[in-house]
Structures are given as C-alpha cells and as structure tokens.
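The values are calculated or read from the model by the stated rules, or taken from the named source; none is laboratory data. As the structure is a computational prediction, the values presented were derived from the model and not from experiment. Methodologically, a virtual Cβ is constructed for each residue, glycine included, from the backbone with ideal geometry; neighbour enumeration extends over all protein chains shown. Each accessible area value is taken on the protein alone, full model and side chains, heavy atoms only, with ligands, DNA and RNA left out. Shrake-Rupley method; radii C 1.70, N 1.55, O 1.52, S 1.80 Å.
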Amino acid sequence: MIELKNIYKVFNAGTVNEMRLFNGFSFDVKAGEFVSIVGSNGSGKTTLLNIISGSIPINGGSVYLNGMDITEMSEHIRARKIGRVFQDPSVGTVPSMTILENLSLAENKGKPYSLGLAVNRRKCEMFRETVLKLGLGLEDKMDIPVGLLSGGQRQALSMIMSTMTPIDVLLLDEHTAALDPRTAETIMQLTDEIVKKNRLTVVMVTHNLRYAVEYGNRLIMMDKGQIVLHKNAEEKKETSVDDILHIFNDISIECGN
C-alpha cells in the first residue's frame, strides 16, 4: 500500500543549521493496517506524514502508493487518494463557510467543475444525515459558519470531510492533541468507527501512549529519524502503556500525555 524506500531528508541544507533527519530510511504499511506512531518532538513522526502526503520534498529515495511511484507527484494530486486530519481543528475546515458549504467542498474533491448546483436538496439531506450520526447537534447548525463551532465539533467535521470521497490512506497527525480529554475520547471513537466502516489504511501519529496501545494493529516508536521499536499485531496485544513508557525512559526522551 505505502512504501518509503531509502529516504533522505535534510533541513536547512548548506547552512550552519543543517540537520539530517532521515538517512536511508525505509518504511511500509500494508493495505488495511492501522499503524500508531509515537516518539518525542523532533523524532520524525510528522515529517514522515509530510513525506507521504507530499507536503515537503525529499532529498533522496522513493515513495510508492499501491505500487505506483508518487515521489514527484504533487500534494493536491496525492490528496485524491490520501486524506489527512491535523492537530489544529481549524486546518481541515474553512471557518468563514458554513457546515453545509464545507461538506459540499469535501464531497466535490477531485471532481470536475460544472455549471450544476454544488448543493441541492438531496445533498442537503444527505449531509444532514451524515452529521446527525456524530451526535454533536450539528444537524441543526448546517448554516452556521464553522469558525463558530467548538474545537471538538470542528475536528469531528474534519474527520468526516477527510473521508467523504473514496481514499486509500488516512493520515492522522496528533488529531486529538488540541482537545480536552472527554472530547478527545469522542474523536478517537469516531475515528475507529470511520476506519472500520471504510476499511481504511491508517497512519496515526500521537503523543497519547494509551491511544497508541489501544488503537491500531501495529505500533512504532521513532527517535532521531529511526524506528527504535516495532510491535506487530500479535506483539501489540501484549503491550501495555507502562511497557512503552519504560522504553521512553530508557532512551531518555520525554514521554507523551
């Protein structure tokens, strides 16, 4: 499904601040896997997602999706098959537009422009039923600008929008980090439901060790651009938060939540 081969990534190349993060790094995710990634700040977690999504260039190596070399493919083209939810709830939505308008934009992602109506009565009802399932009362706020919603409501909306069109991969970039504990639990439950319903391949970066242990079928810990721990599905079942925390302490990096 996803394969990174021999990746090199250098920041501030040729300056006194040059920093080589990935030096021949390789990584793969099979179809249907849910990979949870933990690690300290600067370990390479978010950079890994940026490389998969195409939001930053690499200095060497190749990126493959479903066997196709997408190394030179632009981010907006990759977005047709790769969805992403960010830490900041405001990033995945347009605050000045209504819920209805945001959902319409998401539903039309990758489709050709035409002179037809972007939203008709049938779609309005479909969108309303979609947000009704969230149980957050958004079905009665379809004409309210998204910027007026709470962070949790916006993040739930971002989750829905990222999967409204068929995608192969969902990237979750600390998507509960900016939320209060109760809302974070709601978003994680929603995430699990959406992933299972759509049978998505997922790469989730998180600082919450419990989420990393409880969700997904693979667990990876990164440090300084390298994978220092890898638990497959069977090993992960026997892994506890204390086990992961112990490894964090052993390699002297700051633990998560």
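Below, the figures for the structure above:
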item	result
The chain - mean residue ellipticity at 222 nm from DSSP helices (-39,500 (n - 2.57) per run, n ≥ 4, rounded to 500)	-9500 deg cm²/dmol
Built amide H within the under 5 Å cut-off of residue 60, gap 5+	8
Pairs of alpha carbons in segment 1-103 whose separation is greater than 22 Å (percent)	39
Relative packing of 153-166, 63-76, which averages over residues the other C-beta atoms within 10 Å, highest first	153-166, 63-76
Nearest-10 value in Å² for the accessible area of residue 131, using the 1.4 Å probe	0
In segment 77-189, lysine pairs with alpha-carbon atoms under 16 angstrom apart (chain gap of 8 or more, or interchain)	7
Residues in segment 1-26 that a label on residue 59 would reach, taking backbone N under 16 Å of a point 7 Å out along Cα→Cβ	6-26
Distance between modelled label sites at residue 20 and residue 75, nm, 7 Å Cα→Cβ extension	2.6
Modelled FRET efficiency - R0 30 Å, residue 97 with residue 189, Cβ distances, 0.05 increments	0.65
For segment 58-75, Karplus couplings with θ = phi - 60° (6.51, -1.76, 1.60), whole Hz, Gly/Pro x	10, 9, x, x, 9, 10, 10, 10, 6, x, 9, 6, 10, 3, 9, 6, 5, 4
FRET efficiency for residue 233 and residue 197, using Cβ-Cβ distance with R0 set to 35 Å, rounded to 0.05	0.95
Amide hydrogen neighbours beyond the local backbone of residue 98, cut-off 5 Å, H modeled	146
Virtual spin-label span in nm between residue 1 and residue 210, 7 Å along Cα→Cβ	2.6
Amide H partners (placed H, <5 Å) of residue 39, local residues excluded	222
Sequence of 142, 188 from largest to smallest accessible area, 1.4 Å probe	142, 188
Computed label-point distance, nm, for sites residue 243 and residue 68 using a 7 Å Cα→Cβ extension	3.8
Surface/4 of the Cα convex hull for segment 123-257, nm²	9.4
Rounded to whole Hz, the Karplus (6.51, -1.76, 1.60) HN-Hα couplings of segment 156-170, x for glycine and proline	4, 5, 4, 4, 5, 5, 5, 10, 6, 10, x, 10, 9, 10, 10
Dipole of segment 182-257 [Lys/Arg +1, Asp/Glu -1 at C-beta], most positive-end residue of 190, 240, 211	190
Debye equation applied to the C-alpha atoms of segment 182-257, log10 I(q)/I(0) at 0.15 Å⁻¹	-0.55
Sparse-neighbour loop sites [trypsin sites (Lys or Arg not before Pro); segment 1-55; at most 12 other C-beta within 10 Å; DSSP]	30
Rounded percent of accessible protein surface that carbon and sulfur make up, the chain, 1.4 Å probe	50
In Å², nearest 10: area of residue 174 left accessible to a 1.4 Å probe	20
